[in-house]
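Single-structure report; data block below.
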Amino acid sequence: MYRNFKFEVISCHEKARLGLLHTSHGAIKTPAFIFCGTKASVKGISPQQLKEAKTQIILSNTYHLFSYPGSEYIKQRGGLHKFMGWDGPMFTDSGGFQIFSLGHGSVADEIKGRRSGISTLTKINENGATFKSYWDGSEQLLTPEKSVQVQRDLGADLIVAFDECTPYHSDKKYTEKSMERSHRWEKRSLDEFIRGNDYSQAMYGIVQGGVHEDLRKRSAEFVSSNPFFATAIGGTLGATKEQMYEVVEMAMKGLDISRPIHLLGIGGISDIFRGVALGIDTFDCVHPTRIARHGGALVKSAYRDDKRREHINLKRSEYASDDNPIEMDCDCPTCRNFSRAYLHYLLKAKELLALQAIAVHNIHFMNKLMSAVRYGLEANCLESVKNEWC
RNA sequence: GGAGGGGUGGCCGAGCGGUCAAUGGCAGCAGACUGUAAAUCUGCCGACGGAAGUCUACGAAAGUUCGAAUCUUUCCCCCUCCA
């Protein structure tokens, strides 16, 4: 069923593992980070720049590409790889997260109880979810079958079953009902996947269950007992980092650990070390590229001005006269050529180069981080690697 | 020389008798951001104070009024048109 895919565990270090995830567009060394290129583009960054930064794999989104330009259109252009000029491994999300984000706003807004904007999620029922297109406002229905068909047209290597990402503020009763519906949707996704399987793609099942241990366990068992290639941990992961690690641990309990395990939407530096220690193989997150566009440059612990943050905010006035690179020991194109002062100026001057330059640094940073994590596992010195980065 | 229009907080620009320390926008200073409706969003932004509050403020001065950025007079400066 997954003949062009394989997950090879090279070595185990307690729960953490070093692996190779083989896809139809090449293998990924794990633990790995997947960069978000939601609308068939990692915002502001070219595939060449991604490659130069040693990026292994990127992600696009079903909902966005379904709304515009449509999956049929991309299929006619030869699929997503060809269309966007990325020949490496690729992942597509199912659109399930948009059931959450278009209904509730950002993860932080929802947890903090802030209402932001108008909901463009109009309806959710057994059949699927109805959205207002972000593109033209028209109503569109995403069902498990449709999500898989769209993902098939797009042609990413790794695809995801359609689920509902349940909000943090849902009560247990709703979370359970939603989880059970997600399970039925995931089963339908898998059935649709199998119907059209041409061996160029492999499917992830998703563990739901909110912050509830019994639900997480049930969901993990559901996913593991169905023939998904891999597993993703989704849904709300709680309101604090500690709770997130607890929830991940709960979800890990019932999982088939011979499969690759992805943690959806997480990408803080310390989160990655904790996740890897819990047995996570891959991560994806908008954070590195989003904070870059907001002036945030990821830095190792030695370069932080505020120990509570994993980045420095180059918009701050103190950087106006800082002639050092973002990180002295970084060999990325941005650090080789630009000072913090110049990047600060570019941000203030609203020059697009700032956004790109900082994103380039953050992408290099994340790839080097993951490489360091792999080295730490291999050389059995993850703790000292962690101290340098966290 | 004649006719008219203006001068508002760092800048632009509303307000045209009380509810005005003065709408907005920009700039400035912070903060947030974790399967991207995000090159976005939020807060602060006269001075002193933690705050309640106090003081100084709408070109300058004098006045009218219980009360003026808003009305009157004079002065200073800018702009447009006619000679």
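Go through region A:119-147 residue by residue and tally those that are part of a strand (DSSP E or B) and among the polar types (S, T, N, Q). Walk me through it before giving the result.
Taking region A:119-147 as the starting set, the residues that turn out to be part of a strand (DSSP E or B) are A:121-124, A:129-132, A:139-142.
Still in the list and also among the polar types (S, T, N, Q): A:122, A:130, A:140.
Count: 3.
One residue is enough: does region A:32-45 have a residue meeting the conditions outside any loop (DSSP other than H, G, I, E, B) and either farther than 17 Å from A:P288 by Cβ or without any contact (Cβ under 8 Å) to a residue 40 or more places away in the chain (or both)? First the steps, then the outcome.
So in region A:32-45, the residues outside any loop (DSSP other than H, G, I, E, B) come out as A:32-36, A:38, A:41.
Now narrow it down to the ones that are either farther than 17 Å from A:P288 by Cβ or without any contact (Cβ under 8 Å) to a residue 40 or more places away in the chain (or both): none.
Looking through region A:32-45, none of the residues is outside any loop (DSSP other than H, G, I, E, B) and either farther than 17 Å from A:P288 by Cβ or without any contact (Cβ under 8 Å) to a residue 40 or more places away in the chain (or both).
Of the residues in region A:117-138, how many are in contact (Cβ under 8 Å) with a residue 40 or more places away in the chain, in contact with a Ser or Thr (Cβ under 9 Å, 6 or more places away or on another chain) and exposed (fewer than 13 other Cβ atoms within 10 Å of the Cβ)? Going through region A:117-138 one residue at a time, the tally reaches 1. Residues of region A:166-201 that are within 24 Å of A:I28 (Cβ to Cβ) and within 15 Å of RNA strand B (Cβ to nearest atom): A:E186, A:S189, A:L190, A:F193. Residues of region A:205-230 that are more than 18 Å from A:S178 (Cβ to Cβ) and among the hydroxyl-bearing types (S, T, Y): A:S224, A:S225. Note on region A:63-118: enclosed helices (runs of 4 or more DSSP H) holding 1 or more residues that are within 13 Å of RNA strand B (Cβ to nearest atom), assigned by TED's automatic domain parsing to the domain that holds A:G265 and farther than 17 Å from A:I159 by Cα are A:96-104, A:107-111. Looking only at region A:46-60, residues that are touching a helix residue (DSSP H, G or I) at 6+ places or on another chain (Cβ under 6 Å) and charged (D, E, K, R) come to 1 in all.
For beta carbons closer than 6 Å, sequence separation of 6+ or different chains, a first residue in region A:73-97 that is crowded, with 16+ Cβ neighbours inside 10 Å and a second that is among the aromatic types (F, W, Y) and not in a strand (DSSP E or B), the qualifying pairs are A:I74/A:F83; A:S94/A:F162; A:G95/A:Y63; A:G96/A:F162. Taking the criterion of being touching a residue at least 24 places away in the same chain (Cβ under 8 Å) and either closer than 27 Å to A:G37 by Cβ or among the acidic types (D, E) (or both), the residues of region A:291-302 that qualify are A:I291, A:A292, A:R293, A:G295, A:G296, A:A297, A:L298, A:V299, A:K300.
The values are calculated or read from the model by the stated rules, or taken from the named source; none is laboratory data. If you're wondering where the values come from, they're calculated on a predicted model, not measured in any experiment. Cβ atoms come from the backbone with ideal geometry, glycine included; neighbour counts cover every protein chain shown.
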